[in-house]
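Readers should treat all values here as calculations from the given coordinates under stated rules, not as data from a laboratory. This structure is a prediction, so every number in the text was calculated from the model and none was measured. Backbone-built Cβ (ideal geometry, glycine too); neighbour counts: all protein chains shown.
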Amino acid sequence: MIINIKNKIVSLRGSSDITDTEGNKVFTVKGKVFSFRRKKFLYDKDGRLLFRIQNKFINWFVHRAFIFDGEGNKVCSVKDKWFNVNNEYFVYDCKDEIKIDGKFMSRDSRILRNGEVIGFLHRNFDILRDSFQLEAQPSDLPFLAALIIALDNIVDNRQNG
């Protein structure tokens, strides 16, 4: 299944729309108006909370984000490198080994779980907003969407402070 993740052009909360190729809403991402941690919440189309994504409160050189399930349990952590000229990001603290093969800010990346490809990420270059296309099995889409939101949070935090 292919989904599109697009940050809203005008949003105080940092909300995003996640739709399928037909334009039907698959997930909803809502953020908080004033949030030092850039908290975002990923809901399914029925309004159930699937994941909470938030940045570490204070980042000195390495930026981190955390993904929690709907019940508040930490699922994994994501971080960049101190000198991140290659746009490399690392996923850790997961029950499975998750790896991003390729650079997040480049056009295409693969996401692997325990060495097996579980998703293809295509970054669309849009002047006004961040936009991604994700291809994965329907069962993997919620976690992978949360992972992309966490990565985008880190990039935004690094660029905007």
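For Phe51, the amide hydrogen comes within under 5 Å of the amide hydrogens of Leu42, counting only partners 5 or more places away or on other chains and with H modelled in the peptide plane. Taking θ as phi - 60° and the Karplus parameters 6.51, -1.76 and 1.60, the scalar couplings of the stretch 40-49 work out to 9, 10, 9, 10, 7, 5, 8, x, 7, 5 Hz in sequence order, x denoting glycine and proline.
Counting charges near Gly70 (Lys, Arg +1; Asp, Glu -1) among other residues having Cβ under 11 Å from its Cβ returns a value of -1.
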